[in-house]
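Worksheet: the structure to be examined is printed underneath.
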Amino acid sequence: MLGMIEAARAPQVQALAVLAIGYIYVCWARRFRATVLWVGVLLLLLLGVYQPDPEVASRWHGLAHLFSPRNMNWNVLMILAGAMVVADLFIISRVPALLAGVIVRHLKTVGGAALGICAMASFLSAFTENVTTVLIVAPIAIELARRLEVSPVPFVIGLAISSNLQGAATLIGDPPSLILAGEMHLDFLDFFFYRGRPGIFWAIQMGAVGSMLALWVLFFRRYKGPVVPLKLVRPTTWFPTWLLAGKIIGLSVVPQLPGHWLPHGELYANGAVCMLAAAIGLVWYWLRHGPRRVLVRLLKLDVQSVALLAGIFALTFALRRTGVIDQLATWIGTVVGDNRFLAFTLVVWMSVLISAFMDNVPYTAIMLPAVLAIAGRLEGLPAGASIAAFTDTHALLAFGLLIGACLGGNISPVGAAANIVGLGVLRKERHAVGFWGFVRMGLPFTIAATVPAYLLLWLVWG
């Protein structure tokens, strides 16, 4: 009995128990997710899991250790917060709605217009928040269906799953991309070309081509009615568009500057660019609309996502500190042995399956350190090898994890927030879609997107 009590007090068991409860809640609940995670973090803090020195009783010491830049990735949190502000200003400028209208006007059939809207949503998701993209563009898709007197279900579902597609393509596309960048110290350009080879961006583009072909052949080709031109939306301003472009240029240029120009640049360069762009945007909005409207916009931002990601970082640090992630990597390593292709295949398709039903942010945060540890063992590197020791195997497995985690969410209606929002839009239009009704489109779309990306990654990095 005493042995069982002592085992329950072990830091690994405590970290696993808190993570399991928090993980299950985050994956299935839609409210108070960040709050629940931080309650778990507070519990682990009180239990002393975060203490750098077990002999030091002060909980403040553990708190300072947790929030140090080495353990809490402030650069990633700054990127996410800054990108949210700029993306919000871009969306309310109505430029995305204008782009959708222009695309519709230049395509001859309703099916072609629907595919064009999905392609545009896919492109925007590389730079903006997916849910907002769906809310902005969905009314245009519904209007297309209404004019043809057909169901809007395939149009809106196609839009939702397309908006999830390109999140893994760039540094600022989705939280899993930020997690990868933080773990491997990647900058904006590394997603395009990493160590002289094509990066994950090009694999996602191959997947985009496959998925758009699947949408056309299986769902949109039969809508051959002519498009009635929609009234174009007039943008309220072009400033957020130029601000977004400037932020992207900054993310490309600033991390390449000489180190003496940027003290601690490796830790904060990308985050500083995004926060500076956000500050410029808010000052511009203040001068244009006044402080009250700025406050309204700030209150509408998804602050919960920033708090959620910070909580996930905190719990992942607990798993690292207690050795849980090393044990997970050892277990997976025994399954794949020294077979790189088997390891890569397992990581990609296991991630696709799991992320079809669970949130990809905590999954990526937990699995990425384990996947990198597996890559290190395949290469015969010592545990805890530095970033300079990262090899092609690290890139292969890490990119494979990101592809599987981000694309797998398109399979089911609960796999991504954009899917849930898209179905909510359809419900308001009195079109109820069940689980299998969504899977009917989501599954072939996901397979068509994942297979080309999977093959390209293996050809380049395998």
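Residue pairs whose Cβ atoms lie under 9 Å apart, separated by 6 or more positions or on different chains, with the first residue in the range 312-333 and on the phi > 0 side of the Ramachandran plot and the second in a helix (DSSP H, G or I), are GLY323/PRO11; GLY323/GLN12. The set of residues in the range 303-318 being surrounded by fewer than 17 Cβ atoms within 10 Å (Cβ to Cβ) and touching a helix residue (DSSP H, G or I) at 6+ places or on another chain (Cβ under 6 Å) consists of GLN304, ALA307. Just the residues that are among the aromatic types (Phe, Trp, Tyr), at pLDDT below 75 and surrounded by 15 or more Cβ atoms within 10 Å (Cβ to Cβ), please, taken from the range 1-60. Answer for the range 1-60, where residues must be among the aromatic types (Phe, Trp, Tyr), at pLDDT below 75 and surrounded by 15 or more Cβ atoms within 10 Å (Cβ to Cβ): TYR23, TYR25, TYR50.
For the structure I just gave you, tell me whether LEU282 is at pLDDT 85 or above and in contact with a helix residue (DSSP H, G or I) (Cβ under 8 Å, 6 or more places away or on another chain).
On the way: at pLDDT 85 or above: yes; in contact with a helix residue (DSSP H, G or I) (Cβ under 8 Å, 6 or more places away or on another chain): yes.
When the stated conditions are applied, LEU282 passes them.
Selection of first residues in the range 152-181 that are buried (at least 24 other Cβ atoms within 10 Å of the Cβ) and of second residues that are modelled with pLDDT of 85 or more and among the acidic types (Asp, Glu), restricted to Cβ pairs under 9 Å at least 6 apart or on distinct chains, gives the following pairs, ordered by first then second residue: LEU171/ASP190.
If you take the residues in the range 394-418 that are assigned to a loop (DSSP other than H, G, I, E, B) and surrounded by 24 or more Cβ atoms within 10 Å (Cβ to Cβ), which one is modelled with the highest pLDDT?
Filtering the range 394-418 down to residues assigned to a loop (DSSP other than H, G, I, E, B) leaves 411-416.
From what's left, surrounded by 24 or more Cβ atoms within 10 Å (Cβ to Cβ): 411, 415-416.
Numbers: ILE411: 89, GLY415: 74, ALA416: 76.
Looking at residues that are assigned to a loop (DSSP other than H, G, I, E, B) and surrounded by 24 or more Cβ atoms within 10 Å (Cβ to Cβ), I get ILE411.
What residue, of ALA373, ALA365, is within 21 Å of GLY173 (Cα to Cα), among the small types (Gly, Ala, Ser), in contact (Cβ under 8 Å) with a residue 24 or more places away in the chain and buried (at least 19 other Cβ atoms within 10 Å of the Cβ)?
Numbers: ALA373 fails: within 21 Å of GLY173 (Cα to Cα).
Just a single option satisfies the conditions, and that option is ALA365.
How do the pairs read when you match residues in the range 70-92 that are within 16 Å of ILE280 (Cβ to Cβ) with residues anywhere that are among the basic types (Lys, Arg) and surrounded by fewer than 23 Cβ atoms within 10 Å (Cβ to Cβ), using Cβ under 7 Å and keeping only pairs 6 or more apart or on different chains? Cβ pairs passing all conditions: ASP88/ARG297.
Before we move on, is ALA307 part of a helix (DSSP H, G or I), at pLDDT 80 or above, outside the structural domain of VAL41 (by TED's automatic domain parsing) and within 15 Å of LEU368 (Cβ to Cβ)? Spell out the reasoning first.
Working: part of a helix (DSSP H, G or I): yes; at pLDDT 80 or above: yes; outside the structural domain of VAL41 (by TED's automatic domain parsing): yes; within 15 Å of LEU368 (Cβ to Cβ): no.
When the stated conditions are applied, ALA307 does not pass them.
Listed here are the residues, each with its yes/no results for (1) in contact with a Phe, Trp or Tyr (Cβ under 8 Å, 6 or more places away or on another chain); (2) modelled with pLDDT under 80; (3) surrounded by 20 or more Cβ atoms within 10 Å (Cβ to Cβ); (4) not in a helix (DSSP H, G or I).
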| position | (1), (2), (3), (4) |
| --- | --- |
| ILE420 | no, yes, no, no |
| LEU423 | yes, no, yes, no |
| ALA432 | no, yes, no, yes |
| TRP436 | no, no, no, no |
| MET441 | yes, no, yes, no |
| PHE445 | no, no, yes, no |
| ALA448 | no, no, yes, no |
| VAL451 | no, no, no, no |
| LEU455 | no, no, no, no |
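One residue stands out among those in the range 334-378 that are charged (D, E, K, R) and modelled with pLDDT of 80 or more: the one that is nearest to HIS185 (Cα to Cα), which is ARG377.
Just one of the listed residues (THR364, THR345) is of a type outside the set (Gly, Ala, Ser), part of a helix (DSSP H, G or I) and over 18 Å from the mean Cα position of the chain (by Cα), namely THR345.
The values are calculated or read from the model by the stated rules, or taken from the named source; none is laboratory data. Just so it is clear, the structure is predicted and the values come from calculations on it, not from any experiment. We place every Cβ from the backbone using ideal geometry, glycine too, and count neighbours over all the protein chains shown.
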